[in-house]
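None of the figures in this text is laboratory data; all of them are computed from the coordinates on show. Keep in mind that this is a model prediction, so the values were computed, not measured. Counting neighbours? That spans all protein chains shown, and the Cβs are built from the backbone with ideal geometry, glycine included.
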Amino acid sequence: MTTNILEMRSITKTFPGVKALSDVTLDVERGTVHAICGENGAGKSTLMKVLSGVYPHGTYTGDIVFEDEVVEFKDIRDSEAKGIVIIHQELALSPHLSIAENIFLNNEQKGAFGLIDWNKTNHEAAALLARVGLKENPTTKILQIGVGKQQLVEIAKALSKRVKLLILDEPTAALNDEDSDHLLDLILHLKEQGITSIIISHKLNEIKKVADTVTVIRDGKTIETIQKTDVTEERIIKDMVGRDLEHRYPDHTPNIGDELLRVEDWTAHHPQDPTRVMVDDVSINVRAGEIVGIAGLMGAGRTEFAMSLFGHSYGSRISGKVFMHGKEIKTRTVSEAIKNGIAYATEDRKHYGLNLLEDIKRNIGLASLDKLSSNGLVNDNEEYKIANGYRTSMNIKAPNVLAKTGKLSGGNQQKVVLSKWIYSDPEVLILDEPTRGIDVGAKYEIYAIINALAAQGKGVIVISSELPELLGICDRIYALSEGRITGQLPIEEANPESLLKLMTMEKPR
Amino acid sequence: MSNTQSPVTEETAAGGGIHPVENKFTSWLSHLLSDLGKNGIFLALLAVVLFFSVVTDGILLRPQNISNLIVQNGYILVLAIGMVMIIIAGHIDLSVGSVAAFVGACSGVFAVSWGLPWWLAIIMSLGIGALVGMWQGFWIAYVGIPAFIVTLAGMLIFRGLALVVLGNANIGSFPAEYRALGNGFLSNVFGDLDLDPLTLIVAAVAVVALIVGQVRTRNARAKYGQEVEPIVWFVAKLVLITIAIGFFAYALASYKGIPVTLIVLAVLVLIYGIIMNRSVFGRHVYAIGGNRHAAELSGIKTRKTDFLLFVNMGVLAALAGLIFTARLNLAGPKAGDGFELEAISAAFIGGAAVQGGVGTIGGAIIGGLIIGVLNNGMSILGLGIEWQQAVKGLVLLLAVAFDVYNKRRSGGK
């Protein structure tokens, strides 16, 4: 009998072409709060999905020992039956059902004839809500309560399943300070009741507040496990980023000219909840030939900033000024933004970037049909020629430009997206996660394209959650945290440590 | 290349000498197969026609019946054109039958009750169709209510209004010019002959225009370095089409000539074919149906496009209502019953995708013709309306199932 409630031994998990986890070991002591830290994409969520049975036994190698017994989960229900409950970042609640209905979803409190016993349901739910300190009527609908309270409902739901090991994936990412504090207190409170928790987070101050032990994961490997007394911010940051910067980036000699784009005091609110500030007074500028990075953790407001700027495609109550060549411009609609020389290539190609039913040619032409048409009729042959030119120059691997984009690999799809925006002939390109989901070789090609654009005198803004990438290609990097620009560093002064410090800087309170 | 290397190149050239024949044949075959795939719907029509001409002992292909096929299905084909555009954009329109009835009733009031000139009555009726389309387009595009709901409401609203306009009575006896829209023929301009020369001339002009157009498209593509199909296959296709048009024209010419409905249809197919294939607007419709978010982020005004699509549908529904009323010479309360379902079926049988983004005008027309031939063939066989309904339903289900199966197969990569 050990004191460990959970031991994950030599877990290795591969996806086609990628080793997501390699020989990861994790020991969690009973009755403690164990934090897991790591950069975006380090493998934290994958590890938790292995643990909770989302990736069933047999799709990974290594052993999971839970309560001194090797377990083989086939799905999430198996793990829940043992008392392991995971609460994902995106909450899994049904908005139109009540709190009580959500708590007992698929675990209904049945009475006579197998019908639902509503009195029992609501009574039990009220008891669980009291345990998590949520003062709401169990019959209130989920959509009527805020995200913070929804998080507590998820925990109440976990408690209803007799949870022994609670896993919280970035639980405070979407919460305000008050709700975050309440949640962290609750985790400590549950610890006193004997519930072990794993909390995934990269907010260092909250880790220091609740965690007894911290394990750092990087590039799918366990780096080290640190006891609370030894935890320092510097040590965790060093563990998180301490990788070698290889020659994965093409050489880039900046030739920086005059200012192209300047954004002043840009503010945007959440589209559904206009009281939540998502982009807070952001001011940035980009000069001709310059590659500017925007670094920020998940939920820092990177995409929200870019999309609200690009034709108010995100958010509500948007304010701020935009200047191009020192002259104020408006970007209220996407076509206005395009006309004024801005292009935005989305982080989510499949949902926001491409028409996967259509061919390469039509996707490339879509944002520039004005140029390709006269009297409202599109010149198909001209479009073919243009698209074919990009196929060659961008090295898009497809038999011809009449191939459907849905059949291309991620890297080639990304090249189609880039071609489309380059053909729209913008002055400034905003590239949101330009290399997400792309293999290493294609990444290099994308970096070379970015360099070529800068060499032509375009301004390029690169949004990325991979710090090495930003450090490898940018001339200057802004750090974004909680919707605010917390600083900017010229590339000479930027390093992972200095950036992470800015990226995790919280609002003064 | 230096001289010392020339033997090597010669060798490879000689080695490759065997392959071109094989390559030519395989590329020929692959073109044939890919065209068969693309024209599967056309082959389906051919199969249905062959089947019914055999089981009806050739009655199906008699000149009078061919002419009837066009005139009887004209209004469905007009609706199918608008419907497939709506479906490509990812919407649906359930109201077209009611709108056709409503506009037919209005045209009765204009042309018969008020005694307005026939052309004014037609223009005003089309205008009412446009207004109906604006009404529905407003709710769908700018308020954001799903088209299913808006047009379901429209189905009830305009059926009701048609009854209000008619005042529980039929309106009949339309002017002759108005009636021509539904059952007029363009013929006998050269006197009453056995074989109408005008029909044959028009067909000849159509064939020449088609060939010239196809050759020019082919040449332009070749000039821009695009792959073109082998010349043999290209010529064979043109010959086949010429034979089909010739047969069709001969049939019409030996009956009463060119139906006015066919002229209207031909003009519509030409215009809308160009709109959907070559115009910026058409591109926007496909882009919106394929991925609305991506279209929005490419600067496309999705709301305006949706709005215009429904205005267009309103006008075409009005035109269908006019043709139907003209054909019956009667504006009645039951007009247009079930038209929406036939038009929607035509679009889906013609290869439109339920999720939007895919479909063609030509496909919808052929889909409509398949339904028309099924109706006509089963009527000739004396099958009751109950069996006709059931068979048409089954055909629709199988057509969409085939589409879904195809997509799963190609998407399962």
Taking Lys and Arg as +1 and Asp and Glu as -1, residues besides A:Tyr384 with C-beta under 12 Å from its C-beta add up to +1
What is region A:88-148 by shape, rounded, prolate or oblate, if you read a ≥ b ≥ c off the alpha carbon gyration tensor as root eigenvalues and call it rounded for a/c under 1.5, prolate for a/b larger than b/c, and oblate otherwise? prolate
At a 10 Å Cβ-Cβ cut-off, how would you order B:Arg159, A:Arg162, fewest neighbours first? A:Arg162, B:Arg159
Charge tally in the Cβ shell below 12 Å around A:Leu134, where Lys, Arg are +1 and Asp, Glu are -1, A:Leu134 excluded: +1
Taking the number of other C-beta atoms within 10 Å as the exposure measure, put A:Thr61, A:Thr486, A:Thr32 in order starting with the fewest. A:Thr61, A:Thr32, A:Thr486
In which sequence would B:Lys223, B:Lys301 go, from the one with the fewest C-beta neighbours within 10 Å to the one with the most? B:Lys223, B:Lys301
Starting from the 7 Å offset along Cα-to-Cβ, what nm value, one decimal, do you get for the label separation of B:Ile123 and A:Asn106? 6.5 nm
Taking N as the number of residues in chain B, what value does Rg over Cα atoms divided by 2.2 N^0.38 Å take? 1.12
Amide H contacts under 5 Å for A:Gly293, placed H, 5+ residues apart: A:Val462, A:Asp475, A:Arg476, A:Ile477, A:Tyr478
In chain B, once you exclude exposed chymotrypsin sites (Phe, Trp or Tyr not before Pro) (DSSP loop, at most 12 other Cβ within 10 angstrom), what's the longest stretch remaining? B:191-413
Please compute, for the alpha-carbon atoms of region A:374-509, the extent along each of the three principal axes and give them in descending order in Å. 59, 35, 28
Taking the simple approach of a point 7 Å from Cα along Cα-to-Cβ for both A:Glu69 and A:Thr139, what is their distance in nm? 4.1 nm
Pick from B:Leu69, B:Leu383, B:Leu43: which is most flexible by mean-square fluctuation in a GNM of chain B where alpha carbon atoms under 10 Å apart are linked? B:Leu383
As an exercise, find the ratio Rg/Rh for chain A from alpha-carbon atoms, using the Kirkwood inverse-distance average for Rh. 1.00
How large is the Rg to Rh ratio of the protein assembly as shown when both quantities use alpha carbon positions and Rh follows Kirkwood? 1.04
Hypothetical label at A:Lys321: residues of region A:259-275 whose amide nitrogen lies under 14 Å (7 Å Cα-Cβ projection): A:262-267
Taking a ≥ b ≥ c as the square roots of the eigenvalues of the Cα gyration tensor of region A:4-241, is the shape rounded (a/c under 1.5), prolate (a/b larger than b/c) or oblate? prolate
Chain B, relative contact order [Cα under 8 Å, separation at least 6], %: 33 percent
Between A:Asp273 and A:His57, what is 0.36 nm times their sequence separation minus the Cα-Cα distance? Round to one decimal in nm. 73.7 nm
What distance in nm separates the two pseudo spin-label positions at B:Leu163 and B:Arg303, each 7 Å out from Cα along the beta-carbon direction? 3.5 nm
Mean separation of Cα contacts under 8 Å, 6 or more apart, over the residue count of region A:4-241: relative contact order %: 28 percent
Which lysines does A:Lys507 reach when only Cα atoms under 21 Å apart count, and residues fewer than 8 places away in its own chain are ignored? A:Lys203, A:Lys208, A:Lys209
About the Cα centre of chain B, what is the dipole size in debye to 20, counting +1 per Lys and Arg Cβ and -1 per Asp and Glu Cβ, all else neutral? 740 debye
Between A:Glu466 and B:Tyr142, what FRET efficiency follows from the Cβ-Cβ distance if R0 is 60 Å, with the result rounded to 0.05? 0.90
For chain A, share of DSSP beta bridges that run antiparallel, in % to the nearest 5: 55 percent
Using a Förster distance of 35 Å, the FRET efficiency for B:Ile211-A:Asn400 (Cβ separation, nearest 0.05): 0.85
Formal net charge of residues neighbouring A:Leu480 (Cβ-Cβ distance under 10 Å; K, R +1; D, E -1): -1
Mean projection of the alpha-carbon convex hull of region A:160-272 over all orientations, in nm²? 12.9 nm²
Candidates B:Asn376, B:Asn277, B:Asn219; GNM for chain B (alpha-carbon contacts under 10 Å) flags as most fluctuating B:Asn219
One finds, for B:Ile245 and B:Phe402 with R0 = 22 angstrom and r their Cβ-Cβ distance, a FRET efficiency to the nearest 0.05 of 0.20
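Counting only pairs 8 or more places apart or on different chains, how many lysine pairs in chain B have C-alpha atoms closer than 22 Å? Can you show the working numbers first?
Working: B:Lys24/B:Lys38; B:Lys24/B:Lys223; B:Lys24/B:Lys237; B:Lys38/B:Lys237; B:Lys38/B:Lys407; B:Lys38/B:Lys413; B:Lys223/B:Lys237; B:Lys334/B:Lys392.
Here the count comes out as 8.
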17 Å cut-off, amide nitrogen to a point 7 angstrom out along A:Glu224 Cα→Cβ, residues in region A:23-43: A:25-27, A:35-39
Cα gyration tensor, region A:261-404 - rounded (a/c under 1.5), prolate or oblate: prolate
Here the membrane-span-like helices of chain A, with no claim about any membrane, defined by DSSP H, Cα axial extent at least 18 Å and mean Kyte-Doolittle at least -0.5, are A:118-132, A:147-160, A:410-423, A:440-455
Round to a whole angstrom and tell me the spacing of the C-alpha centers of region A:122-169 and region B:322-345. 57 Å
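Can you give me the relative contact order of region B:274-413 as a percent, contacts being Cα pairs under 8 Å and 6 or more apart? Write down the numbers at each step before the final one.
Values: 107 pairs, mean separation 26.8, N = 140.
Value for region B:274-413: 19 percent.
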Looking at this model, which pairs from A:Lys221/A:Lys407; A:Lys13/A:Lys141; A:Lys44/A:Lys191 are more than 29 angstrom apart at the alpha-carbon? A:Lys221/A:Lys407; A:Lys13/A:Lys141
Where both partners of a DSSP beta bridge lie in the protein assembly as shown, what percent of those bridges are antiparallel, to the nearest 5? 60 percent
